[in-house]
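*Asks:* There's a structure below that I have some questions on.
The values are calculated or read from the model by the stated rules, or taken from the named source; none is laboratory data. Quick caveat, the model's predicted, so the values are computed rather than measured. As a convention, Cβ positions derive from the backbone with ideal geometry for all residues, glycine included, and neighbour counts pool all protein chains shown. Remember, those area values only see protein heavy atoms, side chains included, never the ligands or the DNA or RNA. Shrake-Rupley method; radii C 1.70, N 1.55, O 1.52, S 1.80 Å.
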Amino acid sequence: MNRIAGIIVVDTERCKGCGLCVEACPKKIVRLTEKSVNKKGYPYAIQTESELCNGCTSCGIVCPDGCITVYRKKWKEEQV
Amino acid sequence: MTKENIINPQNLVYKKPSLMNNTPMHYCPGCSHGMVHKLVAEIIEEMEMTDNTIGICPVGCAVFAYNYLDIDWIEAAHGRAPACATAVKRLWPDHLVFTYQGDGDFACIGTAESIHAMNRGENIAIIFINNAIYGMTGGQMAPTTLMGMKTATCPYGRQADLHGYPLKMTELAANLEGTCYITRQSVHNVAAINRTKKAIRKAFENSLTGKGTSLVEVVSTCNAGWKLTPVQANKWMEENMFPYYPLGDIKDTTKE
Ligand SMILES: Cc1ncc(C[n+]2csc(CCOP(=O)(O)OP(=O)(O)O)c2C)c(N)n1
Ligand code: SF4
Ligand code: SF4
Ligand code: SF4
Ligand SMILES: [Mg+2]
């Protein structure tokens with residue numbers, strides 16, 4: 001079976017907490033921090049359930065500040 | 001599959017374009033300017049034109065664009081970017097020359113420069129960020145402000161008898177002989193962003209092949225000036241801006 005897994009890495013210091021990536025994620029697995037802020041004082045984006053991420057890149061594409069890097073790996077189940 | 005297995009250069013599918021440096025952009029969170037900067041960086045990188053592009057910055061929030069994209073830039077006086085680009089392109093005809101301008105810059109203070117550069121058919125690309133407001137100076141009314149829209153200088157909303165009507169510069173530009181490609185796009189979701197990228201790429205190619213002036217209007221948000229969150233601003237734009245500033249190609253003589 002073909003499997004696909006994605007993961008995002010957020011540059012949390014560059015992030016401004018605008019929330020556009022949160023809105024854009026079709027899997028609803030990106031949210032903003034509620035208790036911590038970065039050095040600029042902004043809440044920042046974090047991925048919650050990375051196992052649901054398929055690396056679609058939507059969050060990265062909509063980020064106006066280019067804070068999100070997306071990785072995607074495809075593999076066949078039996079290889080694991 | 002472990003995280004370490006996935007986070008690996010060979011699995012990289014999206015990252016900030018390398019032409020966009022790491023200087024933090026001064027834009028408000030969620031501002032459309034950042035989004036369009038990113039597209040411009042991606043396109044120039046993909047066209048391998050990094051060393052042969054000259055951008056002309058406006059006055060307005062994008063005044064510091066030169067700090068973020070590592071290409072050659074000139075900072076023009078308010079509204080004068082098309083005049084500046086005219087000179088640059090005529091002196092370096094093999095260069096990709098573009099202006100990046102807000103609505104206050106392109107459609108108000110620089111109206112004369114904008115119209116005459118397009119009417120002369122200068123081989124430049126104009127990226128026109130229409131957020132219907134003077135973002136930088138505190139959200140005053142612009143010629144593009146919608147009817148009824150409240151701004152710092154029309155707190156009761158724009159009224160025709162006092163302020164006239166919102167100016168559709170892009171439709172106006174389409175009537176000029178010198179223009180070859182006129183389109184109106186937006187960057188509020190992935191599909192729209194991809195369309196805008198194609199449009200800017202085409203405008204840039206037209207500058208290189210000397211087909212005339214290309215204009216890409218990007219209907220944009222100024223969430224700070226509109227006093228909305230970035231997500232609300234996108235919704236407000238869809239509901240209020242798009243009916244008056246409909247998206248899509250308006251003119252394309254390059255197909256003929
Ligand atoms: C000759 C001159 N007149 C007025 C100003 C003040 N001013 C600076 S930015 C601006 C408006 C910018 O609005 P826009 O072009 O829409 O850009 P935005 O900030 O919305 O992206 C004005 C009037 C100036 N800097 N120079
Ligand atoms: S890559 Fe797609 S699925 Fe994964 S977090 Fe980003 S938007 Fe969500
Ligand atoms: S879109 Fe970018 S800046 Fe905005 S919250 Fe997400 S990562 Fe942060
Ligand atoms: S004032 Fe408006 S246009 Fe300027 S950076 Fe803020 S949101 Fe963007
Ligand atoms: Mg403006």
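*Asks:* Using a 1.4 Å probe, how large is the accessible area of residue A:23, given in Å² and rounded to the nearest 10?
*Replies:* 100
*Asks:* When only the heavy atoms of the protein chains count and the probe is 1.4 Å, how do B:162, B:247, B:96 rank by accessible area, highest first? Spell out each step's value before the answer.
*Replies:* Numbers: B:162 125, B:247 70, B:96 0 Å².
Order by accessible area, largest first: B:162, B:247, B:96.
*Asks:* In addition: For a quick check, take a GNM of chain B with Cα springs below 10 Å and name the residue from B:60, B:148, B:30 with the largest mean-square fluctuation.
*Replies:* B:148
*Asks:* Which of A:54, A:17, A:36 sits farthest toward the positive end of the charge dipole of region A:2-74, with +1 on the Cβ of Lys and Arg and -1 on the Cβ of Asp and Glu?
*Replies:* A:54
*Asks:* Search the structure for amide H atoms under 5 Å from the amide H of residue B:149, placed 1.01 Å from N in the peptide plane, and list their residues when 5 or more places away or on another chain.
*Replies:* Sorted by chain and number, the residues that satisfy this are B:158.
*Asks:* Work out the FRET efficiency for residue B:150 and residue B:77 from their Cβ-Cβ distance, taking R0 = 35 Å, and round it to the nearest 0.05.
*Replies:* Values: r = 30 Å, r/R0 = 0.85.
Efficiency for this residue pair is about 0.75.
*Asks:* Between residue B:161 and residue A:9, what is the label-to-label distance in nm when each label sits 7 Å out along the Cα-to-Cβ direction?
*Replies:* 6.2
*Asks:* Go through B:70, A:65, B:161 and list them by solvent-accessible area, largest first, probe radius 1.4 Å.
*Replies:* These residues rank, largest area first, as B:161, B:70, A:65.
*Asks:* List the relative contact order of chain B as a percent without decimals, with contacts defined as Cα pairs under 8 Å and 6+ residues apart. Display every interim value, and only then the final one.
*Replies:* Details: 515 pairs, mean separation 45.6, N = 256.
RCO, chain B: 18 percent.
*Asks:* Using the Karplus curve 6.51 cos²θ - 1.76 cosθ + 1.60 with θ = phi - 60°, work out ³J(HN,Hα) for each residue of region B:211-218 in order, rounded to whole Hz, and write x for Gly and Pro.
*Replies:* Couplings: 8, x, 8, 10, 10, 10, 7, 10 Hz.
*Asks:* Accessible area of residue A:18, 1.4 Å probe, to the nearest 10 Å²?
*Replies:* The accessible area of residue A:18 comes to roughly 30 Å².
*Asks:* Normalising by the residue count of region A:2-74, find the relative contact order in percent from Cα pairs under 8 Å and 6+ residues apart.
*Replies:* Numbers: 141 pairs, mean separation 34.2, N = 73.
Relative contact order for region A:2-74 comes out at 47 percent.
*Asks:* Under a point spin-label approximation (7 Å from Cα along Cα-to-Cβ), what is the residue B:91-residue B:238 distance to one decimal in nm?
*Replies:* 4.6
*Asks:* To the nearest 500 deg cm²/dmol, what mean residue ellipticity at 222 nm is calculated for the protein assembly as shown from DSSP H runs of n ≥ 4 alone, each contributing -39,500 (n - 2.57), summed and divided by the residues? Working shown, then result.
*Replies:* Working: 11 runs with 90 residues, N = 336.
Roughly -7500 deg cm²/dmol at 222 nm, from the helical runs in the protein assembly as shown.
*Asks:* Let me ask something else about it. Local charge sum around residue A:51 (other residues, Cβ-Cβ under 13 Å, Lys/Arg +1, Asp/Glu -1)?
*Replies:* On the way: positive: A:3, A:27, A:73, B:3; negative: A:49.
After counting each charged neighbour, the total is +3.
*Asks:* Shifting gears a bit: Considering only protein heavy atoms, what per residue accessible area in square angstrom results for chain B with a 1.4 angstrom probe? Before the final figure, lay out the partial values.
*Replies:* Numbers: 10610 Å² over 256 residues.
In whole numbers, chain B has 41 Å² accessible per residue.
*Asks:* Next question, about the same structure. Treat every Asp and Glu Cβ in region B:162-256 as -1 and every Lys and Arg Cβ as +1, leave all other atoms uncharged, and give the resulting dipole magnitude about the Cα centre to the nearest 20 debye.
*Replies:* Details: 12 positive and 9 negative charges, 55 e Å.
In total the dipole reaches around 260 debye.
*Asks:* Express the carbon and sulfur contribution to the solvent-accessible surface of the protein assembly as shown as a percent, rounded to the nearest whole number, probe 1.4 angstrom. Don't skip to the answer; put the middle values down first.
*Replies:* Values: 7790 of 14780 Å².
Reported share for carbon and sulfur atoms: 53 percent.
*Asks:* For an R0 of 25 angstrom, estimate the FRET efficiency from the Cβ-Cβ distance between residue B:13 and residue A:48 and round to the nearest 0.05. Each step should come with its number before you reach the end.
*Replies:* Details: r = 20 Å, r/R0 = 0.79.
For residue B:13 and residue A:48, the calculated efficiency is 0.80.
*Asks:* How large is the convex hull of the C-alpha atoms of region B:28-252 per residue, in Å³?
*Replies:* Values: hull volume 23.8 nm³, N = 225.
Each residue corresponds to 106 Å³ of Cα convex hull volume.
*Asks:* Taking K and R as +1 and D and E as -1, what net charge do the other residues with C-beta under 13 Å from the C-beta of residue A:9 add up to? Don't jump to the answer; show the numbers that get you there.
*Replies:* Details: positive: A:14, A:72, B:3, B:15, B:16; negative: A:11, A:13, B:4.
Net charge in that neighbourhood comes out at +2.
*Asks:* Something else about it: In terms of modelled amide H atoms, which long-range or inter-chain residues lie less than 5 Å from the amide H of residue B:144?
*Replies:* B:167
*Asks:* Sticking with this one: Which order do you get for A:71, A:42 if you rank them by accessible area with a 1.4 Å probe, largest at the top? Walk me through the intermediate numbers first.
*Replies:* Numbers: A:71 35, A:42 65 Å².
From most exposed to least exposed: A:42, A:71.
*Asks:* Once ligands and nucleic acids are excluded and a 1.4 Å probe is used, how much of residue B:90 is accessible, expressed in Å² to the nearest 10?
*Replies:* Using a 1.4 Å probe on the heavy atoms, I get roughly 150 Å².
*Asks:* Now for a different question. When the Karplus curve 6.51 cos²θ - 1.76 cosθ + 1.60 is applied with θ = phi - 60°, which whole-Hz ³J(HN,Hα) does each residue of region B:96-101 get, with x for Gly and Pro?
*Replies:* Values, residue by residue: 7, 10, 9, 10, 10, 9 Hz.
*Asks:* Within the set of other residues whose C-beta is less than 15 Å from the C-beta of residue B:77, count the net charge using Lys and Arg as +1 and Asp and Glu as -1.
*Replies:* Numbers: positive: B:80; negative: B:75, B:105, B:113.
That works out to -2.
*Asks:* A further question follows. Connecting C-alpha atoms closer than 10 Å in a GNM of chain B, tell me which of B:164, B:225, B:210 has the biggest fluctuation.
*Replies:* Highest fluctuation of the listed residues: B:164.
*Asks:* Moving on to the next point. Ignoring ligands, DNA and RNA and using a 1.4 Å probe, state the total buried accessible area between A and B in Å², rounded to the nearest 100. Please list the in-between numbers first.
*Replies:* Values: alone 5480 and 11890 Å², together 14780 Å².
That pair of chains buries around 2600 Å² in total.
*Asks:* Let me ask something else. Using the Cα centre of region B:1-147 as origin and beta-carbon charges of +1 (Lys, Arg) and -1 (Asp, Glu), tell me which of B:74, B:100, B:41 is placed farthest towards the positive end of the dipole.
*Replies:* B:100
*Asks:* So, one more: Going 7 Å from the Cα of residue B:253 along its beta-carbon direction, which residues of region B:178-215 have the amide nitrogen within less than 18 Å of the resulting point?
*Replies:* From region B:178-215, the list is B:178-184, B:202-215.
*Asks:* Considering chain B as a Gaussian network with a 10 Å cut-off on Cα pairs, which listed residue, B:226, B:92, B:73, attains the greatest mean-square fluctuation?
*Replies:* Ranking B:226, B:92, B:73 by mean-square fluctuation puts B:92 first.
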